[in-house]
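See below for the structure under consideration.
The values are calculated or read from the model by the stated rules, or taken from the named source; none is laboratory data. Predicted model, so just to flag it, every value in this text is computed and none were measured. Glycine also receives a Cβ, built like all others from the backbone with ideal geometry; neighbour counts cover every protein chain displayed. Note: areas computed on protein heavy atoms with side chains; ligands, DNA, RNA excluded. Shrake-Rupley method; radii C 1.70, N 1.55, O 1.52, S 1.80 Å.
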Amino acid sequence: MANINLDKETFYRRLKRLHGAWQKAESENALAKMDCLVTAVGVDEEVVYSKSGSLQTWLLGYELTDTIMVLTENTIYFLASKRKIDFLRQAENKDDSGVTIKLLVRDRNDKDEANFKTLISAIKGSKNGKTLGVFTKENYPGEFMDAWRNVLKSESFSNIDISSAIAYVMSCKEESEIITMKKACMASVDVFTKYLKDQIMEIIDSDRKVKHSKLCEGVESAITDKKYVSGVDVTQLDMCYPAIIQSGGNYNLKFSAVTDKNTLHFGAIICSLGARYKSYCSNIVRTLLVNPTDKMQENYNFLLTLEEEVLKKLTAGTKLCDIYETGVSFVKKEKPALLDNLTKNFGFVTGIEFKENSLTIAPKTVLVAKKGMIFNLNLGFSNLENKETSDKEGKIYALFVGDTVMVNDGSPATVLTVSKKKLKNIGIFLKDDSEEEENDEEKENTPKPEMMGRGKRTAVIENKLRSEHTSEEKRKEHQKELAIALNEKAKERLAKQGGAKDVEKVRKNTISYKNVNQMPRVKEVKELKLYVDQKYETVILPVYGVPVPFHISTIKNISQSVEGDYTYLRINFFHPGSTMGKNEGGTYQQPDATFVKEVTYRSTNTKEPGELSPPSSNLNTAFRLIKEVQRKFKTREAEEREKEDLVKQDTLLLSQNKGNPKLKDLYIRPNIVTKRMTGSLEAHGNGFRYTSVRGDKVDILYNNIKNAFFQPCDGEMIILLHFHLKHAIMFGKKKHVDVQFYTEVGEITTDLGKHQHMHDRDDLAAEQSERELRHKLKTAFKSFCEKVEGMTKQEIEFDTPFRELGFPGAPFRSTVLLQPTSGCLVNLTEWPPFVITLEDVELVHFERVQFHLKNFDMVFVFKDYARRISMVNAIPMNLLDHVKEWLNSCDIRYSEGVQSLNWAKIMKTITDDPEGFFDSGGWTFLDPESDEEEKVMEEDSEDEDEAYEPTDADSFSEESEEDSEYSEGDTESDGASEESLGTDEESGKDWSDLEREAAEEDRERSDYREDFDSKKGKRGDKFAHRDKHSSKHSSSSKHISSKDKHNSSRDKHGSRDKHNSSHEKRKDRHNSSRDKHNSSKDKHNSSRDKHSSKSHHSSSSSKKDSSRDKHRSSGSNDKKRSREDSGERRSSKKSRK
């Protein structure tokens, strides 16, 4: 005990307060009836809280066991062991409180008989010496305590219980006690949010069965784990009571309840826990709701409103029974059905003892709340019935909310356990998969049409493919729903906005002089020289011998030149048609009037005898002054333009409270002046004020903040608070919508010339100090945010970016890390910042989405179509699915395309005729493939298949077509696709190989042409055989040409093939005309005439068919394709070998 210090100042201050309360006590108070205060603290492991122990802790800072304390009228006696008396000797020197200290060391030889006699005589000498003020409920065991009680009994003193009176004296907390209790509250909040809530969420997600008692054991171990608790000394942390977790219909809304061993039920889960720091208690109670019904949500929101009402009433000077009555009357007025379910009290005073029974917010407590009292405020509804559930355990539920709060003077009580408790923060909404499973079963049970051709797919492959694509399919389904809802919502929004049109701004008419009397009577005007009137910003020019005033705003520009002996001054004026500006017609009030375009003045440079300066000096002076006045006028105009659409802000209400949340040594972005300066940010009644070291002030009101962000220094060199405003504010002569306060964490620049060594002591120390600084700053900023959230009743909520969900992109010039938050997409580290509020976004479109590109672009289209779109460039292609998944989870519609669009034109088209835009399909034009087009294509192909009925003669050719399609067509299409991909995909072929193959193809084509011409002259069975053979090849070429056509249209690299095909088509046209001529000339040969006319007819009919169906476009008698086929078939055989 010798190493432990006693805080003498605190001891004497509190002793004086206790003694003064006794001396000034009124007749009703128990203290007024006692003659002496007697306390004895023994040893009992089962006793956690006791009045005598609390009194010792309050006075001395520590609880001393086996110690007797007697407070008489002017002396305080302590009887204890030698070590404890040595500790108490530190307080002996000071005695200005009016109470002297006498210390008695225990004497074990005579069993303290002499010490007891000293104490009894002191008691008898205090006032009347008959009535003892004691704590009647305490009865410590032990030989020493029994001996003392026997001595008191033998003297036949009368006792009076002073528990309530002492509790009332100790209830008003000092500043040091409040700080300690705030740290205890912070520990309670940390354990709940960082451990218990996360554990319960994880259990619900994984659908595990965990007992309540198991969770409570985890809470007890987490309270001393630095991983969860920060900012306090964990060695001095303890639990106020074993954590209480209740669910599944068994609820007891008292802190004496014991956690059962039932498994956690996923319904209403009540969590109660309290951390005790340096003997001071705190408490927090939250109810987590899993899939709550609308009625449950309504009741919970009402409970939060009730708590707000009680907090408003809980002020200094109010009786505790009146506070309870306020809550009861509010329930009677709003929801009388819940009155029977309301808790019988609303909490109690807490401090060194967890619960002070004499100071409860209950109907019979007439004591008055005082400033500095700290209450454990708890409100709840028990035995509520959930009629909508079929679950037996979920039929009965309870709602319970509790916070540690501090009483203020004239304002609502301050919540010290700052933890979010709105429904969106404690509600856990799980998707009900039963409907999805039923839909999946229906899909599986429906018979599917058998696929003919390449063999039937097995069930294993079908199941595998389905499981692989489930997430993508779900995403597409969700996007379809969003697309339908998007157009409907947009139509409704535009219908409400209809009729509101932008008013054209008319240029302010600038008047130089209102009447002639204001014209300056100076020498230059009388002498018809150029004169610049700086007061009225006017240039007076002589025109036809009359001085004419022109306001500076009418002058576009001026130029001066010297040519020989003369100086020329040319003045150009603004006039309609001089500039092709936006809305130019509205800038002139009388655009049909006559305007002066320009005026030129000439003056000689030669000085006449007797003159001080040449005449041209007047032009030089005018030139200089016009420029100066013009510059001042433009600066003022720019400032006015900046200010013209500013929304007037309320006045900041400064709070004189010293405990306002405050952060020091912060930089502001954008800078107030060119040079960067530090300053402090302080939260006041209705806004923040930033004050720089130079004295500049920037005020940001809470009602003007759209989004508030806190970005910790994890992986960053700065830690910052960022405010995205609803309306711009003016500072540094400019408007700003984004204001940021930050401080640097370590060195942003590194000296590369410095010798680095991994075991260098200086470097290790620097790294350690940087880690400590990071932790310190993070704690300070987080504490500031929590205080502000508590002070503003969650009106300001700081959002923290999710770094793990971030992706790189370039919203401006450089690539940065874009990080999603709960409601935005932001980059706050680089300047200018990038902030997109997701609720303002209509849809997102991905541009340049092609497999061979490394990056794609993302375009944000806003619900306000007049607002300019926002674009993020150069997002890596491998993160496309990641971005899609995030957008889909945020219920934002997205689309994608291969090319960049002219968004300025698109948005102008939409805003010009929004009704026409949505009548024509709305945003569906962004979809790469619409379902309607696919359906039309399928219907066309089905109609053609039904219309075509093959004859017996054609059945053989169809079979041969099938054979060629599956044998040669595949190889041909593969070869064609390889050619279309270009030289990179040629599997190692060089130019010499390609040229040799091309030469072989040309030779084979020429051989085939000669063979064809020779065979054409033959007749009879040879002709029939050739016709059958050519039909076989032409049918196969039908497949090949259609594939070639698709490949050439799909691939840009196939330009060479495209050119060749067009060249071959010209040849074919020539050959077909030659064939036509031959057939008309050889009419005497009937069999050949019939065939040639038939072939001519089939070729013409194939041309008609090609317009109807792209897949049959080649035609069976396309001679070029039939010639190509034989050559390419040979090459395909080579490739197969």
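All but one of (1) in a strand (DSSP E or B); (2) modelled with pLDDT under 90 hold for ARG641; state the number of the condition that does not hold.
(1)
What strands (runs of 3 or more DSSP E), lying completely within the stretch 521-566, carry at least 1 residues that are of a type in the set (Asp, Glu) and open to solvent by 50 Å² or more (accessible area, probe 1.4 Å)?
Once the strands (runs of 3 or more DSSP E) in the stretch 521-566 are filtered for at least 1 residues that are of a type in the set (Asp, Glu) and open to solvent by 50 Å² or more (accessible area, probe 1.4 Å), what remains is 555-563.
Within the bounds of the stretch 202-211, is there any residue that is open to solvent by less than 30 Å² (accessible area, probe 1.4 Å), in contact (Cβ under 8 Å) with a residue 24 or more places away in the chain and either on the phi > 0 side of the Ramachandran plot or out of contact with any strand residue (DSSP E or B) (no Cβ under 7 Å at 6 or more places or on another chain) (or both)?
Yes, the stretch 202-211 contains a residue that is open to solvent by less than 30 Å² (accessible area, probe 1.4 Å), in contact (Cβ under 8 Å) with a residue 24 or more places away in the chain and either on the phi > 0 side of the Ramachandran plot or out of contact with any strand residue (DSSP E or B) (no Cβ under 7 Å at 6 or more places or on another chain) (or both).
So, ASN378, is that one surrounded by fewer than 19 Cβ atoms within 10 Å (Cβ to Cβ) and either polar (S, T, N, Q) or touching a residue at least 12 places away in the same chain (Cβ under 8 Å) (or both) or not?
The answer is no for ASN378.
So which residues in the stretch 394-407 are at pLDDT 90 or above and either open to solvent by 30 Å² or more (accessible area, probe 1.4 Å) or outside any strand (DSSP E or B) (or both), if there are any at all?
LYS395, ILE396, VAL407, listed by residue number.
Which one is nearest to the chain's Cα centre (by Cα), of the residues in the stretch 860-889 that are hydroxyl-bearing (Ser, Thr, Tyr) and under 24 Å from LYS480 (Cβ atoms)?
Only one residue tops the list, namely SER889.
Does the stretch 6-15 contain any residue that is over 24 Å from ILE123 (Cβ atoms), part of a loop (DSSP other than H, G, I, E, B) and not hydrophobic (A, V, I, L, M, F, W, C)?
The answer is yes; a qualifying residue exists.
For LYS254, work out the one condition from (1) part of a loop (DSSP other than H, G, I, E, B); (2) crowded, with 17+ Cβ neighbours inside 10 Å it doesn't fulfil.
In the conditions (1) part of a loop (DSSP other than H, G, I, E, B); (2) crowded, with 17+ Cβ neighbours inside 10 Å, LYS254 misses (2) alone.
Of all residues in the stretch 336-375, count the ones that are open to solvent by 40 Å² or more (accessible area, probe 1.4 Å) and either of a type in the set (S, T, N, Q) or touching a residue at least 24 places away in the same chain (Cβ under 8 Å) (or both).
Summing the residues that are open to solvent by 40 Å² or more (accessible area, probe 1.4 Å) and either of a type in the set (S, T, N, Q) or touching a residue at least 24 places away in the same chain (Cβ under 8 Å) (or both) in the stretch 336-375 gives 10.
Conditions tested, residue by residue: (1) hydroxyl-bearing (Ser, Thr, Tyr); (2) in a helix (DSSP H, G or I); (3) in contact with a helix residue (DSSP H, G or I) (Cβ under 7 Å, 6 or more places away or on another chain).
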residue: ALA167; (1), (2), (3): no, yes, no
residue: MET170; (1), (2), (3): no, yes, yes
residue: THR180; (1), (2), (3): yes, yes, no
residue: LEU196; (1), (2), (3): no, yes, yes
residue: ILE203; (1), (2), (3): no, yes, no
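Those residues that are touching a residue at least 40 places away in the same chain (Cβ under 8 Å) and either open to solvent by 50 Å² or more (accessible area, probe 1.4 Å) or under 29 Å from GLY746 (Cβ atoms) (or both), I need them from the stretch 689-704; list them, please.
TYR690, VAL698, ASP699, ASN703
Only residues in the stretch 791-810 that are over 21 Å from LYS421 (Cα atoms) count as the first member; pair them with residues that are open to solvent by 30 Å² or more (accessible area, probe 1.4 Å) and among the β-branched types (Val, Ile, Thr), Cβ under 6 angstrom, at least 6 apart or cross-chain, and list the lot.
Qualifying pairs under 6 Å: PRO808/THR815.
Listed residues GLU767, GLU786, GLU772; which is part of a helix (DSSP H, G or I), at pLDDT below 85 and more than 30 Å from ARG636 (Cα to Cα)?
Only one candidate qualifies: GLU767.
Out of PHE860, PHE812, PHE846, PHE856, I need the residue that is assigned to a loop (DSSP other than H, G, I, E, B) and aromatic (Phe, Trp, Tyr). Which one?
Only one candidate passes the filter, namely PHE812.
Out of the residues in the stretch 230-249 that are β-branched (Val, Ile, Thr) and outside any loop (DSSP other than H, G, I, E, B), which is most open to solvent (accessible area, probe 1.4 Å)?
In this case the residue turns out to be THR235.
Since LYS863 meets every condition but one in (1) touching an Asp or Glu at 6+ places or on another chain (Cβ under 8 Å); (2) open to solvent by 50 Å² or more (accessible area, probe 1.4 Å); (3) under 22 Å from THR815 (Cα atoms), which condition does it not meet?
The single condition LYS863 does not satisfy is (3).
Checking the structure you have, find out if any residue of the stretch 64-80 is in contact with a strand residue (DSSP E or B) (Cβ under 8 Å, 6 or more places away or on another chain), more than 29 Å from SER171 (Cβ to Cβ) and not acidic (Asp, Glu).
There is no residue in the stretch 64-80 that is in contact with a strand residue (DSSP E or B) (Cβ under 8 Å, 6 or more places away or on another chain), more than 29 Å from SER171 (Cβ to Cβ) and not acidic (Asp, Glu).
Please verify whether ASN262 is within 23 Å of LYS335 (Cα to Cα), at pLDDT 90 or above and in contact with a helix residue (DSSP H, G or I) (Cβ under 9 Å, 6 or more places away or on another chain), treating the condition exactly as stated.
no
Would you point out the residue of the stretch 17-66, among those that are over 58 Å from the mean Cα position of the chain (by Cα) and in contact (Cβ under 8 Å) with a residue 12 or more places away in the chain, that is most open to solvent (accessible area, probe 1.4 Å)?
LYS33
Give THR815, THR750 a once-over and let me know the one that is of a type in the set (Ser, Thr, Tyr), at pLDDT below 90 and open to solvent by 60 Å² or more (accessible area, probe 1.4 Å).
Testing whether each residue is of a type in the set (Ser, Thr, Tyr), at pLDDT below 90 and open to solvent by 60 Å² or more (accessible area, probe 1.4 Å) leaves just THR750.
Among the residues of the stretch 789-809, what is the count of those that are assigned to a loop (DSSP other than H, G, I, E, B), in contact with a helix residue (DSSP H, G or I) (Cβ under 7 Å, 6 or more places away or on another chain) and hydrophobic (A, V, I, L, M, F, W, C)?
Number of matching residues: 1.
Report, by residue number, each residue of the stretch 693-707 that is outside any loop (DSSP other than H, G, I, E, B), over 15 Å from HIS736 (Cβ atoms) and in contact with a Gly (Cβ under 7 Å, 6 or more places away or on another chain).
TYR702
From the set of residues in the stretch 297-329 that are among the β-branched types (Val, Ile, Thr) and either out of contact with any Ser or Thr (no Cβ under 7 Å at 6 or more places or on another chain) or farther than 24 Å from ILE270 by Cβ (or both), which is most open to solvent (accessible area, probe 1.4 Å)?
Out of the qualifying residues, it is THR305.
Taking only the stretch 321-347 into account, find how many residues are out of contact with any Leu (no Cβ under 6 Å at 6 or more places or on another chain), closer than 30 Å to PRO242 by Cβ and either part of a strand (DSSP E or B) or hydrophobic (A, V, I, L, M, F, W, C) (or both).
Residues in the stretch 321-347 being out of contact with any Leu (no Cβ under 6 Å at 6 or more places or on another chain), closer than 30 Å to PRO242 by Cβ and either part of a strand (DSSP E or B) or hydrophobic (A, V, I, L, M, F, W, C) (or both): 2 in total.
Output the number of the condition that GLU177 fails; it satisfies all remaining conditions of (1) modelled with pLDDT under 90; (2) open to solvent by less than 70 Å² (accessible area, probe 1.4 Å); (3) within 24 Å of PHE784 (Cβ to Cβ).
Here GLU177 meets the rest and fails (1).
Considering the stretch 361-374 alone, what residues qualify as being in contact with a Leu (Cβ under 7 Å, 6 or more places away or on another chain) and within 20 Å of VAL415 (Cβ to Cβ)?
Selection gives ILE361, ALA369.
When you scan the stretch 55-156 for strands (runs of 3 or more DSSP E) that lie fully inside it, which ones turn up with 1 or more residues that are basic (Lys, Arg) and on the phi < 0 side of the Ramachandran plot?
Answer list for the stretch 55-156: 100-105.
Please verify whether the stretch 618-625 includes one or more residues that are at pLDDT 90 or above, open to solvent by less than 50 Å² (accessible area, probe 1.4 Å), of a type outside the set (A, V, I, L, M, F, W, C) and part of a helix (DSSP H, G or I).
Yes, the stretch 618-625 has at least one match.
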